[in-house]
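One structure is given below, encoded as structure tokens.
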Amino acid sequence: MVVRHASALDGVARNPALPTPLLLRLLAFGGGGDRRPPRDALRRAGLPESAVRVILAHPDPGVRIDFATSAGAEPAQRARLAHDPSSEVRAALAYGPEVHAPRTKVAPLPDAVCARLLDDPAPSVRTALLDSPHLVPSFVASMAAHHSPAARREAVRAWDILPPGERSALLADPDAGVRRAAALRECRRDARVTAELLRDPKSAAEALRRGLLVRADAERCVAERTHLAALAENPSVPADLVERLSTDPDEAVRLAVSLRPELDEARRMAIDFTVGHFDRGDGVRWVRDGLTDPEILRRAAASAHPLLRRAAARSPHLPPDLLRLLARVEDPVVENLLGVHHPDTPEEVLMRVYARLGGTFSAWMAETHPRFPREGLAARYADHPDGIYRRLAVRDPAATPALIERLSRDPAVWTRQAAAADPRLPLHRLHEALHAPELASSAGANPALPEHEMAAVLNRSGVPA
């Protein structure tokens, strides 16, 4: 195992007990090169106004970029960077935080700020905004009449809430890319539009996947073996052609047919298909688009098809009976997805994920889940032969200071780090940990660290008083 030795200053930067005067001192740190505030200080949630002012005025654009991409900052605070002199800062603001943990929610920027960034003089800012995953549907729809073709093309993503007049305008847009994007939305209910898209190599495959097909076009694609896997997903393919595709020699085609929503379980499971061990079912569109629909979730979760169950496991809206049903499925991918996405995932599922994948993202998501167990872990795991389990003993509210100190000297570095960050660690040992390279960051983040010790860390790191 490779362990990064982060500094005590990194730990102090994320310490929840860091006093405001020390925080302000840390935020003002600068001077070029690597001499800048630690990123964790810039991305703390609930920063006071005095701290925000220091960040906004910091001479290092990288500092302002870190704040612009903070998921912990209030949108109104980040929005004040819309006038920043650096286009790189404004582009970072426009795109917003990069969030990889699904349970982390990012509040969007106000619409007025998004509108300003959409008309920013720097192309990089405008592009970053259009690429942002944090735009609300109403703002996306508002771009339908924008002077920029790129903005109008993105507005198509809000097709279902656009008024009929705006849809018609986009279908007749002077820009070919906008027209194509609009047609790919409209083709779901218009066979004429689908036929036009099929003549365009850039849109043919997607039109076959989602468009309203006439039988002649579907038969021609089957005869010519054109984009058959896409065709196999299309809900308008006649039943007899679906039957032919279900025995196609191409495994991808048969798998696509097996996932069609109209099939009953007997027919679905009679198809010869293979599912990859790590395939999460993200491509099952009718389930992915119906993660809030109880009927769709029931059909998918109760299916014997692994990909349908996995696709349903991504929904945080599974009702209790379906959650229990999926929790009993002996499928590691289903367990991983439940641990990541569902707020009520059973403790035993979270523990299985942790035990199987300790040290991975999925294990971390399981361990940080609100329902991950705490009580009784010290008695169960403090003397476990595997350090991954001994580390769990630190989570137990009943763990004594003596046990925490013992675990801070554990052979496994992750266990030592967990103990070094625990406020029950005796003060003398906390002071020792602060000067141990592999424990310094954890000890610096310990909320029991005295204020004078935090100040001493800043002093040793060269942070001006």
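What you get for the chain, charging only the Cβ of Lys and Arg (+1) and of Asp and Glu (-1), is a dipole of about 500 debye around the Cα centre. Ranked by the mean number of other Cβ atoms within 10 Å of their residues, highest first, the peptides 209-218, 271-280 come out as 209-218, 271-280. Sorting Phe361, Phe372 by solvent-accessible area of protein heavy atoms yields Phe361, Phe372, largest first, with a 1.4 Å probe. What separates the Cα centres of the stretch 117-177 and the stretch 358-415 is a distance of 49 Å. Computed over the stretch 372-465, relative contact order equals 19 percent, with contacts defined as Cα pairs under 8 Å that lie 6+ residues apart. When nucleic acids and ligands are ignored and a 1.4 Å probe is applied, Thr292 ends up with an accessible area of around 100 Å². Separation of the stretch 83-116 from the stretch 12-32 is 23 Å, based on Cα centroids.
Put Trp286, Trp159, Trp364, Trp414 in order of accessible area, highest first, and with a 1.4 Å probe you get Trp364, Trp414, Trp286, Trp159. Computed from backbone phi, the HN-Hα couplings of the stretch 292-308 come to 10, 8, x, 5, 5, 4, 5, 5, 6, 5, 7, 6, 7, 6, x, 5, 5 Hz, rounded to whole numbers (Karplus: 6.51 cos²θ - 1.76 cosθ + 1.60, θ = phi - 60°; Gly and Pro given as x).
In the context of the full set of protein chains, residues of the chain present 47 Å² of accessible surface per residue (probe radius 1.4 Å, heavy atoms only).
With contacts taken as Cα pairs under 8 Å and at least 6 residues apart, the stretch 26-106 reaches a relative contact order of 26 percent.
For the chain, with all protein chains in place and a probe radius of 1.4 Å, 55% of the accessible heavy-atom surface sits on carbon or sulfur. Relative contact order for the chain: what percent, with Cα pairs under 8 Å and sequence separation of 6 or more? After rounding, I find 13 percent. Where only DSSP H runs of four or more residues are counted, the chain gives -13500 deg cm²/dmol as its mean residue ellipticity at 222 nm, each run worth -39500 (n - 2.57).
Packing here is the average count of other Cβ atoms within 10 Å per residue, and on that basis the peptides 191-203, 305-317, highest first, run 305-317, 191-203.
The values are calculated or read from the model by the stated rules, or taken from the named source; none is laboratory data. Quick caveat, the model's predicted, so the values are computed rather than measured. Methodologically, a virtual Cβ is constructed for each residue, glycine included, from the backbone with ideal geometry; neighbour enumeration extends over all protein chains shown. When the accessible area is computed, the model is the full protein with side chains, heavy atoms only, and any ligands, DNA or RNA have been set aside. Shrake-Rupley method; radii C 1.70, N 1.55, O 1.52, S 1.80 Å.
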